[in-house]
Amino acid sequence: MERRDFFKVVSMTGAAMAINPVLKAAEGSSLLFGADAIETNIADAVKIPRVKSSMPGLYPGRVIKVVDQKSVVDGKPQEEAAYRMLSEAMLSLTGEKKLKKAWRQFVGPKDIIGLKVNPVAGKLLTTSHAVTKSVIKQLEESGIPRENIVIWDRREMQLHETGYTQENYPGITITGTECQDADGGFYDKQGKLHSESRIDKSQFFYADLDGVYDDYTIPYMVNGGKNSYFTKICTERVTKIINLPILKNAGPTTTLCLKNLSFGAITNTSRLHKLWHETCAYICAFPPLRDKVVLNIVDGLVGCFDGGPSAKPQFICNYNMLLVGSDPVAVDRVGHDVIIKKRIENGIQKEDLQKSSRFIDLAQELKLGVGDRDKISVTEKII
């Protein structure tokens with residue numbers, strides 16, 4: 001395969017080209033096995049003292065599943081339904097009778113709140129605007145100023161392509177780590193990547209794997225070498241993070257909370273698909289994510305069960321579902337089981353492969369949450 005073919009993906013709308021090295025690397029890897037005995041600096045992360053809000057947050061091992069069969073109409077997620085589903089989930093999770101009190105358990109008016117969406121597969125399978133706008137509306141109703149809300153992902157260009165724009169979200173900051181200037185250029189007049197000013201070189205994930213990229217690829221990795229630097233969005237800009245992944249697969253495994261956070265918060269990721277399960281768990285053990293992610297809301301109104309992490313129309317389906325919890329590991333386990341069940345029903349596989357969710361086991365070992373099905377409490381609400 002030619003390098004340019006490898007790093008180019010046609011946007012699912014057919015209207016534009018989206019450069020997506022991370023997505024293509026994931027499609028090309030088995031994602032079942034980690035690399036053997038690759039040295040990392042995870043021990044450094046574990047040594048850093050945890051804080052009160054650290055993962056798994058206020059409700060370890062608790063997941064709320066809300067289903068509304070009318071939440072998607074003619075393939076389009078409905079904002080009114082998403083709002084109702086989210087309200088039901090928040091009240092059920094917290095035990096509060098008032099929505100404002102439920103939200104105030106996690107965030108306050110002085111917080112700068114980062115909404116981590118997932119636009120990586122293009123318009124066909126992005127975090128839906130129905131869910132994102134419902135979150136924003138409920139935050140505002142709970143006393144959170146609009147100017148304190150930041151919508152973010154790794155690539156600012158993909159956010160804009162999928163409708164996360166100032167026109168659709170007036171007054172809200174929309175930003176990414178990898179970015180272009182107004183003319184579509186990646187470099188400033190001194191030949192330095194604009195993205196370099198958006199990474200924090202004091203906080204990084206080290207793995208003994210080299211990232212080696214050519215001039216065409218480096219703007220989408222920011223740096224090569226053996227370090228993956230955290231975005232300043234996490235280390236400096238926001239005080240709390242609400243995670244908004246999609247209910248979807250990636251090859252034989254699933255990508256929800258941990259994957260959306262880990263590969264979205266660091267640079268130099270293409271090399272890390274050789275260490276996929278470890279990366280999904282380990283990155284979330286570092287303070288910029290471990291201590292700031294307070295809530296996970298999986299958008300399962302529309303998702304997929306095969307063909308991920310990109311969007312292949314024949315595998316997109318309406319799960320009509322939200323999964324909500326403070327514990328990203330428990331939420332990932334519940335979401336994993338939903339997707340695998342769908343794959344088995346459609347004859348894609350015969351049984352769940354234990355190694356396909358190894359990242360969940362690793363995250364549990366790091367005390368980021370509960371991955372053991374027998375220790376997870378799932379409350380299902382049908383609207």
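The values are calculated or read from the model by the stated rules, or taken from the named source; none is laboratory data. These numbers were taken from a predicted model, which means no experiment stands behind them. Reconstructed Cβ throughout: ideal geometry from the backbone, glycine too, with neighbour counts over all protein chains shown. These area figures cover heavy atoms from the full protein model, side chains too; ligands, DNA and RNA do not enter into them. Shrake-Rupley method; radii C 1.70, N 1.55, O 1.52, S 1.80 Å.
Quickly run through the stretch 114-168 and pick out the residues that are within 20 Å of GLU80 (Cα to Cα) and of a type in the set (Gly, Ala, Ser).
Residues satisfying the conditions are SER128, ALA130, SER134, SER142, GLY163.
Could you say whether any residue in the stretch 300-321 is touching a strand residue (DSSP E or B) at 6+ places or on another chain (Cβ under 7 Å) and on the phi > 0 side of the Ramachandran plot?
yes
Would you check if there is a residue in the stretch 89-98 being modelled with pLDDT of 95 or more, crowded, with 20+ Cβ neighbours inside 10 Å and within 20 Å of the chain's Cα centre (by Cα)? Can you show your working first?
Filtering the stretch 89-98 for residues modelled with pLDDT of 95 or more gives 89-98.
Now narrow it down to the ones that are crowded, with 20+ Cβ neighbours inside 10 Å: 89-90, 93-94.
Among the residues that remain, those that are also within 20 Å of the chain's Cα centre (by Cα) are: 89-90.
Looking for residues that are modelled with pLDDT of 95 or more, crowded, with 20+ Cβ neighbours inside 10 Å and within 20 Å of the chain's Cα centre (by Cα), one finds at least one in the stretch 89-98, hence yes.
Would you tally the residues in the stretch 264-285 being within 14 Å of ILE233 (Cα to Cα) and open to solvent by 10 Å² or more (accessible area, probe 1.4 Å)?
Residues meeting the conditions: 0.
Provide a single number: the residues in the stretch 123-165 that are in contact with a Pro (Cβ under 6 Å, 6 or more places away or on another chain) and open to solvent by 30 Å² or more (accessible area, probe 1.4 Å).
So the answer is 1.
Under 7 Å by Cβ, and 6 or more places apart or on different chains, what pairs join a residue from the stretch 149-166 that is more than 14 Å from ASN260 (Cα to Cα) and among the aliphatic types (A, V, I, L, M) with one that is open to solvent by 10 Å² or more (accessible area, probe 1.4 Å) and at pLDDT below 95?
MET157/GLN180
For LYS100, state whether it is touching a residue at least 12 places away in the same chain (Cβ under 8 Å), part of a strand (DSSP E or B) and either out of contact with any strand residue (DSSP E or B) (no Cβ under 7 Å at 6 or more places or on another chain) or charged (D, E, K, R) (or both).
Criteria not met by LYS100.
Restricting to the stretch 261-286, name every residue that is within 16 Å of ARG154 (Cα to Cα) and either in a strand (DSSP E or B) or among the hydroxyl-bearing types (Ser, Thr, Tyr) (or both).
Those that are within 16 Å of ARG154 (Cα to Cα) and either in a strand (DSSP E or B) or among the hydroxyl-bearing types (Ser, Thr, Tyr) (or both): SER262, ILE266, THR267, THR269, SER270, THR279.
Yes or no: the stretch 244-260 includes at least one residue that is assigned to a helix (DSSP H, G or I), among the hydrophobic types (A, V, I, L, M, F, W, C) and open to solvent by less than 10 Å² (accessible area, probe 1.4 Å).
For the stretch 244-260, residues assigned to a helix (DSSP H, G or I), among the hydrophobic types (A, V, I, L, M, F, W, C) and open to solvent by less than 10 Å² (accessible area, probe 1.4 Å): present.
Kindly establish whether PRO109 is assigned to a loop (DSSP other than H, G, I, E, B) and open to solvent by 20 Å² or more (accessible area, probe 1.4 Å). Break it down stepwise before answering.
Values: assigned to a loop (DSSP other than H, G, I, E, B): yes; open to solvent by 20 Å² or more (accessible area, probe 1.4 Å): yes.
Criteria met by PRO109.
Results for (1) over 23 Å from the mean Cα position of the chain (by Cα); (2) not charged (D, E, K, R), shown as yes or no for each residue.
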| site | (1), (2) |
| --- | --- |
| ARG146 | no, no |
| TRP152 | no, yes |
| GLN190 | yes, yes |
| ASP200 | no, no |
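Considering only strands (runs of 3 or more DSSP E) fully contained in the stretch 287-383, which possess at least 3 residues that are open to solvent by less than 40 Å² (accessible area, probe 1.4 Å) and under 24 Å from PRO119 (Cβ atoms)?
293-300, 321-325
This table checks each residue for (1) modelled with pLDDT of 95 or more; (2) in a loop (DSSP other than H, G, I, E, B); (3) open to solvent by 30 Å² or more (accessible area, probe 1.4 Å).
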position	(1), (2), (3)
GLU167	yes, yes, yes
ILE174	yes, no, no
ASP181	no, yes, yes
GLY184	no, yes, yes
GLU196	yes, no, yes
SER202	yes, no, yes
ASP208	yes, no, yes
ASP214	no, yes, yes
GLU236	yes, no, yes
